[in-house]
Amino acid sequence: MIILWTDALIFLLIAVMLLLGFYLRGKEYIKRPMQQIARSKTGMMSLTVLIFFVVVGLLDSIHFKPPEGHGNEIISALDYWATPLREHSEKTYSAPFAVYLYSKEMMTLPDGTEQWGYPRLQFGGAHLADPETEHLSDILEKAFYGWLQGAGLVVFFMVLLVSLLREPHKRFIVSPTAKAVWAVVFLVVSVNYMLVYLSAYYHVFGTDKVGEDVFYQAIKSIRTGLVIGTLTTLVMLPMALVFGIMAGFFRGWVDDVIQYVYTTLNSIPSVLLIAASILMVQVYMAAHEEKFTSVIVRADMRLLFLCLILGVTSWTGLCRLLRAETLKLREMEYVQAAQAMGVRRRVILLRHILPNVMHIVLISVVLDFSSLVLAEAVLSYINIGVDPTTYSWGNMINGARLEMAREPVVWWSLTASFIFMFALVLAANLFADTVRDAFDPRRGAYE
């Protein structure tokens, strides 16, 4: 097993979240908002979609070297599962569900003569004897069969779960919120099972310029989006918490220094700072090639530094909010009473200030996640984002920029990246709205 830097940080983040959840369980100021989130249909439905993306991202974060005889490359568990998609490549562009190449070329017929036309694909629809008459019916048949298998799988586990649960929990399973969650699970599993089943016979989203499956690229890009959104938060959150609370509580010269730091940082255009940092990383890797012998290791190091620089440039907004909230909490009666009784400042910060700003932290973190996913797409579009060899929606959009200018138009790379990115960002925004409503005291979470 090979553990990359981003893999280690992802597992560390999961461990921290589990420990934090164990520590906060039973806390009244956390329990009530969580119950409100659990009663929200929109929140639970969007959370279900996010969990699906997280599972795919975690599968793509388990890296290892394949057995001998399968090359020396580093692959993930998702790559191993999607081996047919990786290996079934074509010569060049092909449209979704196509059986012929997208552009004409000179073909050599069985009798030795040459003809100008559309060659058959090596993989897509290769099982069809007569594509002209069998193509559409075969797609519909396999789509229905794949959807039926996925739907049957969900129904089986649903019935099994209901039969194993006791009576109090059965009522929760059939509650309106649970029914909405089951509907989303049914839709996500059945549709994705159908697409996976179809991908064994066709290129569901077509192929790119070098003949690589676009559906595989879109799935692999999920990890990049999640890494950008989560690891950047891991970098940004400690700085925002420490500096924001210190500036608001201690005031004086501490407040002045912290304000000077984040005001100066905000005065530097973030795009220029990111571009300079990425250039420094590239220069370092070029000077130490012996440390980066694998393409995936080089790409992972660039992704890690992109998360670091995004975290360094994005903590200032949350820091301002926490400073303002701490200035208000510092004057509250219970804090003043604790200071009058001689309670140590460290205890006041941990017991009175930090728990009362956590709703701002949770709201900001969830809201910033979607903006960071979009930031990766924008940065990759202008070639200062992730490595060009890394699968990401930004790189797909950047590649589609040139494809949209050709004739006929190659539209499916842009469409596939848009669909997956739209689903992730929409689910994150809807869940963020639910978290904001639950944790913001001004919205009645504690009434």
Give the residue, chosen from T326, T263, T316, that is surrounded by fewer than 17 Cβ atoms within 10 Å (Cβ to Cβ), of a type in the set (S, T, N, Q) and at pLDDT 85 or above.
T263
Within segment 227-242, tally of residues that are surrounded by 24 or more Cβ atoms within 10 Å (Cβ to Cβ) and among the hydrophobic types (A, V, I, L, M, F, W, C)
5
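Does A338 fit the bill of being open to solvent by 40 Å² or more (accessible area, probe 1.4 Å) and more than 17 Å from M239 (Cβ to Cβ)? It would help to see each step written out before you state the result.
Numbers: open to solvent by 40 Å² or more (accessible area, probe 1.4 Å): no; more than 17 Å from M239 (Cβ to Cβ): yes.
No; evaluated as a whole, the condition is false for this residue.
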Are any residues in segment 275-305 open to solvent by 40 Å² or more (accessible area, probe 1.4 Å), under 21 Å from K65 (Cα atoms) and not charged (D, E, K, R), and if so, which ones?
T293, V295, I296, V297
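Taking the condition modelled with pLDDT under 80 and buried (at least 22 other Cβ atoms within 10 Å of the Cβ), does G385 pass? If you could, list the steps in order and put the result at the bottom.
Numbers: modelled with pLDDT under 80: yes; buried (at least 22 other Cβ atoms within 10 Å of the Cβ): yes.
Taking the combined requirement at face value, the residue satisfies it.
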How many residues, within segment 129-153, are of a type in the set (G, A, S) and open to solvent by 50 Å² or more (accessible area, probe 1.4 Å)?
2
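When you scan segment 236-336 for helices (runs of 4 or more DSSP H) that lie fully inside it, which ones turn up with 1 or more residues that are touching a Gly at 6+ places or on another chain (Cβ under 7 Å)? Write out each step before concluding.
On the way: elements: 252-267, 270-287, 295-314, 316-330.
Filter on segment 236-336 gives 295-314, 316-330.
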Name the residues in segment 108-128 that are assigned to a loop (DSSP other than H, G, I, E, B), open to solvent by less than 100 Å² (accessible area, probe 1.4 Å) and either more than 19 Å from H88 (Cα to Cα) or hydroxyl-bearing (S, T, Y) (or both), would you?
L109, G112, T113
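Give me a count of the residues in segment 154-177 that are open to solvent by less than 100 Å² (accessible area, probe 1.4 Å) and at pLDDT 70 or above. Give the steps one after another, and end with the answer.
Initial filter on segment 154-177 (open to solvent by less than 100 Å² (accessible area, probe 1.4 Å)): 154-155, 158-163, 165, 168, 170, 173-177.
So of that shortlist, the ones also at pLDDT 70 or above come out as 154-155, 158-163, 165, 175-177.
Residues flagged as open to solvent by less than 100 Å² (accessible area, probe 1.4 Å) and at pLDDT 70 or above within segment 154-177 amount to 12.
May I ask you to say which residue of V210, V184 is part of a loop (DSSP other than H, G, I, E, B), in contact (Cβ under 8 Å) with a residue 60 or more places away in the chain and surrounded by fewer than 23 Cβ atoms within 10 Å (Cβ to Cβ)?
Details: V184 fails: part of a loop (DSSP other than H, G, I, E, B).
Selected residue: V210, the only one of V210, V184 that is part of a loop (DSSP other than H, G, I, E, B), in contact (Cβ under 8 Å) with a residue 60 or more places away in the chain and surrounded by fewer than 23 Cβ atoms within 10 Å (Cβ to Cβ).
Mind checking which residues of segment 408-427 are among the β-branched types (V, I, T) and open to solvent by 60 Å² or more (accessible area, probe 1.4 Å)?
In the first step, residues of segment 408-427 are kept if they are among the β-branched types (V, I, T); the result is 409-410, 415, 419, 425.
Matches in segment 408-427: I419 only.
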Leading residue by the ranking (nearest to V361 (Cα to Cα)) among those in segment 11-27 that are of a type outside the set (S, T, Y) and open to solvent by 100 Å² or more (accessible area, probe 1.4 Å)
M17
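Is it the case that segment 371-378 has a residue that's open to solvent by 40 Å² or more (accessible area, probe 1.4 Å), of a type in the set (S, T, Y) and closer than 27 Å to G317 by Cβ? First the steps, then the outcome.
Within segment 371-378, the first condition is being open to solvent by 40 Å² or more (accessible area, probe 1.4 Å), and the residues that meet it are 371, 374, 378.
So of that shortlist, the ones also of a type in the set (S, T, Y) come out as 371.
Filter again for closer than 27 Å to G317 by Cβ, leaving 371.
Yes, segment 371-378 contains at least one residue that is open to solvent by 40 Å² or more (accessible area, probe 1.4 Å), of a type in the set (S, T, Y) and closer than 27 Å to G317 by Cβ.
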Single residue of L272, L310 found to be of a type outside the set (G, A, S), under 30 Å from L426 (Cα atoms) and open to solvent by 60 Å² or more (accessible area, probe 1.4 Å)
L272
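The values are calculated or read from the model by the stated rules, or taken from the named source; none is laboratory data. As the structure is a computational prediction, the values presented were derived from the model and not from experiment. Cβ: placed from backbone, ideal geometry, glycine included. Neighbour counts: every protein chain shown. With ligands, DNA and RNA removed, areas are computed over all heavy atoms of the protein, side chains included. Shrake-Rupley method; radii C 1.70, N 1.55, O 1.52, S 1.80 Å.
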